[in-house]
2 protein chains.
Amino acid sequence: MPSANAVAKVPIEAGSEPEKRLRNRAATEQAILAAAKRLLAEEGFQNFGINAVARGAGCDKQLIYRYYGGLDGLVEAIGADLGSWVRDRIPDDNGGMFLLTYGDLMERLTLLFLDALRGDPLMRRIVAWEVSENTEQVRRLSEARSKALAGWIDRMRGSLAPPKGIDAVAVNALIFAAVQHLVLSAAVSGQCAGLALKTAKDWEKAAVALKRIVRGVYG
Amino acid sequence: MPSANAVAKVPIEAGSEPEKRLRNRAATEQAILAAAKRLLAEEGFQNFGINAVARGAGCDKQLIYRYYGGLDGLVEAIGADLGSWVRDRIPDDNGGMFLLTYGDLMERLTLLFLDALRGDPLMRRIVAWEVSENTEQVRRLSEARSKALAGWIDRMRGSLAPPKGIDAVAVNALIFAAVQHLVLSAAVSGQCAGLALKTAKDWEKAAVALKRIVRGVYG
DNA sequence: ATTGCTAATCACCGAACGGTGACAAGGTGG
DNA sequence: CCACCTTGTCACCGTTCGGTGATTAGCAAT
C-alpha cells in the first residue's frame with residue numbers, strides 16, 4: 001500500500017459513506033434530529049442522551065448544544081414534528097365514508113388510532129415515556145402530542161355530537177387509554193393481560209373487541 | 001476538644017438513629033428489600049440501581065450482591081411479594097354481595113382494580129416499567145404480576161361465565177388496559193386524554209364512565 | 001484468650017455520563 | 001493573500017454507575 005499516510009489522511013469513506021455532510025449546518029441539524037428520533041424509536045427513552053444521539057448522528061455532541069441548546073431543545077424539536085405526525089399517519093377525511101352517528105365516528109377514530117400507534121414506534125416510546133417520568137422534557141412532548149391529537153379529532157368530528165347523558169370526555173379517555181396501553185404492552189411483550197397480540201388474527205380479535213366496546217357505549 | 005479521636009471513633013448516631021441493625025442478616029435483608037420497594041415506588045425505575053438501593057438501605061451495595069445475587073435477584077424478590085399484594089390490597093370475597101351476572105362481576109372487578117392501582121405507587125411503577133422496557137428483569141416482574149392477578153380474578157369469578165358470542169379475553173384485556181393507562185397517566189400528569197383526574201369528583205366521573213363501558217358490553 | 005465464622009465496610013476499577021473550553025478546518029469577503 | 005466567521009473536532013472535567021477483591025468488626029464455641 002504505497003503512500004498510506006496520504007490515503008489515510010482522506011477518510012476511507014470513499015466507498016462506505018458517499019455523503020460527507022461537510023460544513024452544512026442545515027444538513028447536520030437534520031441528521032441530528034433524525035438520529036434522535038431513530039434512537040428514541042428504536043432504543044427507547046432509557047438510554048436516550050446527548051452522547052448516544054451524537055454517536056448516532058455521527059457528529060460531535062457539541063453541535064447538539066450549539067444547534068439545539070442541549071437535549072431539551074432537541075426533544076422540543078421532536079415534539080414540533082408530532083404535528084406532522086397526524087398529517088402523515090392519519091387521513092383527515094373519512095375516505096368517502098359517511099359517518100352518520102357518533103358511534104360511527106368513534107369506531108373509526110379508535111381503529112385508526114390503534115393502527116397508527118401500532119405502526120409508529122416513536123409514538124409508542126413517547127407514550128411510554130409520558131407514563132414513566134414527569135420531567136419538563138416529557139411534559140412538553142406530552143403537551144405537543146395531545147394537542148396534535150386533539151386537533152385531529154376535532155377536525156374529524158365535524159358537527160357530530162355525543163349522545164346526551166353520556167360523559168363522552170371520560171368515556172373516550174378510557175377508550176383511548178385502552179388502545180394506548182394495549183399497543184404499548186403488545187409492542188413490548190407481544191400480549192396484554194393474557195391476550196396474545198402477535199399475529200394479524202390476534203389483532204383482528206382485539207379490533208373486534210374494541211368495536212364491541214365502542215358500540216356498547218355509543219350504540 | 002479533648003480526646004476528639006476517641007469520640008469520633010463512635011459515630012454520632014447516638015441521638016440520630018437508635019436502631020443500629022448490627023450483624024443481623026435477616027434484618028438487613030429485609031431493610032434492603034424494603035428500601036428497594038420504597039425506591040422503586042417513589043422514584044420510579046429510571047434511577048433504580050444497585051447504588052441507589054444500597055444508599056436507601058443504609059448499607060453497602062456488596063450486601064445486595066451477597067444476599068440477593070445482584071439487582072436481578074432483588075427484583076425477583078420484589079416480584080415474589082406481588083403475590084401478597086393481591087391478598088393485602090384486594091378482598092377475596094364479595095363483601096356479602098351477590099354477583100348474579102358476569103356484568104356484575106366485571107363491574108366489581110374493574111372498580112376494585114382501579115382503586116387498588118390508584119393506591120399503590122409500587123404497582124404503578126411496575127406497570128409503567130413493563131411497557132417501557134423488555135429486559136429479563138422486567139419480564140420476570142411482569143410474569144409474577146399477571147400470574148397473581150389472574151389467580152385473583154379466577155378466585156373471584158367463581159362459576160360465572162361470560163356471555164356467549166363475546167370474546168371476553170379480548171374485551172377484558174382492553175378494559176384492564178384502560179384502567180391501567182388511566183391510572184398511570186393520572187399519577188404522572190393528573191389527567192388522561194383531556195380528562196382531569198385529581199379530585200375525588202374527577203375520579204367519580206371516571207368510575208361512572210368505566211361502569212358504563214363494562215355494562216355496555218356485558219349488560 | 002484464642003480461634004474461626006460471618007456480617008459489614010472500604011477502596012478501588014473501568015466505563016459511561018453530561019457538560020465545557022480550546023482548537024482545527026473550511027469557505028468568504030476585503 | 002489575508003483576516004474573519006462558521007462549522008466541526010478534540011481533549012478534558014467531575015460525577016456516577018455497576019462490579020470486585022481485600023479488609024475490618026462483632027459474636028460464639030472452645
Open item on the list: Tell me whether region A:153-166 contains one or more residues that are facing another protein chain (nearest Cβ under 9 Å), at pLDDT 95 or above and open to solvent by less than 60 Å² (accessible area, probe 1.4 Å).
Closed with: yes
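Matching residues to (1) touching a Phe, Trp or Tyr at 6+ places or on another chain (Cβ under 6 Å); (2) at negative phi:
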site	(1), (2)
B:150	no, yes
B:160	yes, yes
B:165	no, no
B:188	no, yes
B:216	no, yes
- [ ] State yes or no: is residue A:73 open to solvent by less than 70 Å² (accessible area, probe 1.4 Å), without any contact (Cβ under 8 Å) to a residue 60 or more places away in the chain and not in a helix (DSSP H, G or I)?
- [x] no
Open item on the list: Among (1) surrounded by fewer than 16 Cβ atoms within 10 Å (Cβ to Cβ); (2) within 13 Å of DNA strand C (Cβ to nearest atom); (3) touching a residue at least 40 places away in the same chain (Cβ under 8 Å), there is one condition residue A:51 misses while meeting the rest; what is its number?
Closed with: (3)
Open item on the list: For region B:174-194, give me the residue count where each residue is open to solvent by 10 Å² or more (accessible area, probe 1.4 Å), hydrophobic (A, V, I, L, M, F, W, C) and facing chain A (nearest Cβ under 7 Å).
Closed with: 3
Open item on the list: Going through A:53, A:75 one at a time, which residue ends up being of a type in the set (Val, Ile, Thr), more than 16 Å from DNA strand D (Cβ to nearest atom), within 25 Å of residue A:24 (Cβ to Cβ) and more than 14 Å from chain B (Cβ to nearest Cβ)?
Closed with: A:75
TODO: Can you confirm whether region B:67-74 contains a residue that is at pLDDT below 95 and over 20 Å from the mean Cα position of the chain (by Cα)?
DONE: no
TODO: Being part of a helix (DSSP H, G or I), near DNA strand C (Cβ under 9 Å from one of its atoms) and open to solvent by 80 Å² or more (accessible area, probe 1.4 Å) is the filter here, so list the residues in region B:23-48 that pass it.
DONE: B:25
TODO: Look at residue B:14 and say whether it is modelled with pLDDT under 95, hydrophobic (A, V, I, L, M, F, W, C) and on the phi < 0 side of the Ramachandran plot.
DONE: yes
TODO: Please identify the pairs in which a residue from region A:99-116 that is within 21 Å of residue A:203 (Cβ to Cβ) has its Cβ atom under 7 Å from the Cβ atom of a residue that is among the basic types (Lys, Arg), counting only partners at least 6 apart or on another chain.
DONE: A:107/A:211; A:107/A:215; A:116/A:89
Task: Single residue of region A:119-137 satisfying the filter (closer than 16 Å to residue A:49 by Cα and more than 8 Å from chain B (Cβ to nearest Cβ)) that is surrounded by the fewest Cβ atoms within 10 Å (Cβ to Cβ) - done: A:136
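Counting only residues that are under 12 Å from residue B:32 (Cα atoms) and open to solvent by 30 Å² or more (accessible area, probe 1.4 Å), which one in region B:60-70 is farthest from DNA strand D (Cβ to nearest atom)?
It comes out as B:67.
The values are calculated or read from the model by the stated rules, or taken from the named source; none is laboratory data. Bear in mind the structure is a predicted one, so any value in this text is a computation, not a measurement. Ideal geometry is used to build each Cβ from the backbone, glycine not excepted, and the neighbour counts take in all protein chains shown. These area figures cover heavy atoms from the full protein model, side chains too; ligands, DNA and RNA do not enter into them. Shrake-Rupley method; radii C 1.70, N 1.55, O 1.52, S 1.80 Å.
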